[in-house]
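Heads up, the thing below is written out as structure tokens.
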Amino acid sequence: QVQLVESGGGLVQPGGSARLSCVASRVIFSILRMGWYRQAPEKQRELVATIASGGRTDYGDSVKGRFTISRDNAKNTVYLQMNSLNPEDTAVYYCNAVVATTGYTYWGQGTQVTVSS
């Protein structure tokens, strides 16, 4: 069973930055497509960003140019650098992993990011 553990959430002021991390265990990290999704209160979960095992990235329209996803295969870790945060970015952020060979999908427990002054 793949385990995903997120960290790095918290309270951030508008215009500020934050970095989320997600460590994967019990899996060969390099075969995973990793991603971040978020869910705000009373809204559907939405794509933030994904990164394939080869490094190809994809971003949701609302975060393009502000967020950057990256991965360190040696550390089994995926990161989400978030800049120019605004209150609309407030949500629970979930780490996601998809096994490329089987399509199995795993989720972390989520980490809260609150953008407020």
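The values are calculated or read from the model by the stated rules, or taken from the named source; none is laboratory data. This one's a predicted model, so the numbers in the text were calculated from it and none came from an experiment. Please note: Cβ atoms are built from the backbone with ideal geometry, for glycine as well, and neighbour counts cover all protein chains shown. When the accessible area is computed, the model is the full protein with side chains, heavy atoms only, and any ligands, DNA or RNA have been set aside. Shrake-Rupley method; radii C 1.70, N 1.55, O 1.52, S 1.80 Å.
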message: Being β-branched (V, I, T) and crowded, with 22+ Cβ neighbours inside 10 Å is the filter here; which residues of the range 71-110 pass it?
response: V78
query: Looking at (1) without any contact (Cβ under 8 Å) to a residue 40 or more places away in the chain; (2) of a type outside the set (G, A, S); (3) farther than 22 Å from Y104 by Cα, which is the only condition I51 fails?
result: (3)
query: Hey, among the residues in the range 68-111 that are within 13 Å of the chain's Cα centre (by Cα) and free of Cβ contacts under 8 Å to residues at least 24 places away in the same chain, which one's nearest to I31 (Cα to Cα)?
result: S70
query: Restricting to strands (runs of 3 or more DSSP E) lying wholly in the range 44-117: which have 2 or more residues that are closer than 16 Å to C22 by Cα?
result: 46-51, 67-72, 77-82, 91-99, 105-107, 111-115
- request: Please tell me if A49 is out of contact with any Ser or Thr (no Cβ under 8 Å at 6 or more places or on another chain) and aliphatic (A, V, I, L, M).
  value: no
- request: Identify all residues within the range 1-43 that are over 20 Å from S116 (Cβ atoms), open to solvent by less than 50 Å² (accessible area, probe 1.4 Å) and not in a strand (DSSP E or B); write none if there are none.
  value: V2, V27, F29
